[in-house]
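The values are calculated or read from the model by the stated rules, or taken from the named source; none is laboratory data. Please read these numbers as outputs of a predicted model, since none were measured by experiment. A quick note on method: Cβ atoms are made from the backbone with ideal geometry, for glycine too, and the neighbour counts reach across all protein chains shown.
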Amino acid sequence: MTKNSTPLLVVTAVIAMSAGLWLAQSSKNNQPPLSAPHIQGAIYTSDKPVKPFKLINHLGDDFTNSNLNGHWSIVFVGYTHCPDICPTTLSLMSEVHREMSLQKVNPPNVLFLSIDPERDTPEVMKTYVEYFNPEFTGITGELSNIKTLTQDLNAVYRKAPGLSGEITKDDYLMDHSSALMLINPKGNLQSILTAPHTPGNVIESIIKTQAYYSSAN
């Protein structure tokens, strides 16, 4: 365990305890909560359905809605040529994954959804996501199918000029959302976690969202 782990583990324990107290109170008489708890972002009081989609993961296997069912997932939209926000966020999510595991709290599956299929082949994605954490999953596919999923996740992106100041085949950037999208075990969008992200506020948002979901189901 690193020196910085202990304070965060304490924070995680306090967050979990607070969420437990909120859940116990809101579940009194089997009544769902009147409003969602506050997080850095927003919890949907009614989860948002994710329409059928078909992509592939970084191993080249099909990735569809069925891969979202039965567990929590957290999605980050980006691309492997991203100069800053993507590596920073994936490093942070690796820390979140590690700290939650140390606390014996199941972390959500971390999904890195590339919005740059021209360059992000499964082979490229595999090297990239496994560098940050071998348990992370990279997702890519045809642009039309990527759009189907990103629209349901409220994620936006666009191609932008590269170092040359123009958009060319080999020189371009991708502007994209910095939010994290939390998917519930039904495969629906349950909350959106907005930047700036820290391990503490991401873990807090995950735990509070899960508590809210449990109370409503």
| note | The residue from Glu95, Glu135 that alone is touching a residue at least 60 places away in the same chain (Cβ under 8 Å) and out of contact with any Lys or Arg (no Cβ under 7 Å at 6 or more places or on another chain) is Glu95
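Scan Asn154, Asn201, Asn184 and give me the residue that is over 27 Å from Val105 (Cα atoms) and touching a residue at least 12 places away in the same chain (Cβ under 8 Å). Spell out how you get there, then give the answer.
Values: Asn201 fails: over 27 Å from Val105 (Cα atoms); Asn184 fails: over 27 Å from Val105 (Cα atoms).
Residue meeting the stated conditions: Asn154.
Going by what's in this entry, would Tyr212 be described as touching a helix residue (DSSP H, G or I) at 6+ places or on another chain (Cβ under 9 Å) and without any contact (Cβ under 8 Å) to a residue 24 or more places away in the chain? Walk me through it before giving the result.
Working: touching a helix residue (DSSP H, G or I) at 6+ places or on another chain (Cβ under 9 Å): yes; without any contact (Cβ under 8 Å) to a residue 24 or more places away in the chain: no.
The answer is no for Tyr212.
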| said: So if I check each of Leu182, Leu173, Leu163, which one is surrounded by fewer than 18 Cβ atoms within 10 Å (Cβ to Cβ), among the aliphatic types (A, V, I, L, M) and not in a loop (DSSP other than H, G, I, E, B)? | reply: Leu173
| task | Being among the hydrophobic types (A, V, I, L, M, F, W, C) and not in a helix (DSSP H, G or I) is the filter; apply it to the stretch 65-108 and report the residue that is surrounded by the fewest Cβ atoms within 10 Å (Cβ to Cβ). | result | Val105
| touching a Lys or Arg at 6+ places or on another chain (Cβ under 6 Å), at pLDDT below 95 and assigned to a helix (DSSP H, G or I), is that true of Ala24? | no
| query | Residues of the stretch 118-138 being under 21 Å from Tyr172 (Cβ atoms), assigned to a helix (DSSP H, G or I) and within 18 Å of the chain's Cα centre (by Cα), which ones? | reply | Met125, Tyr128
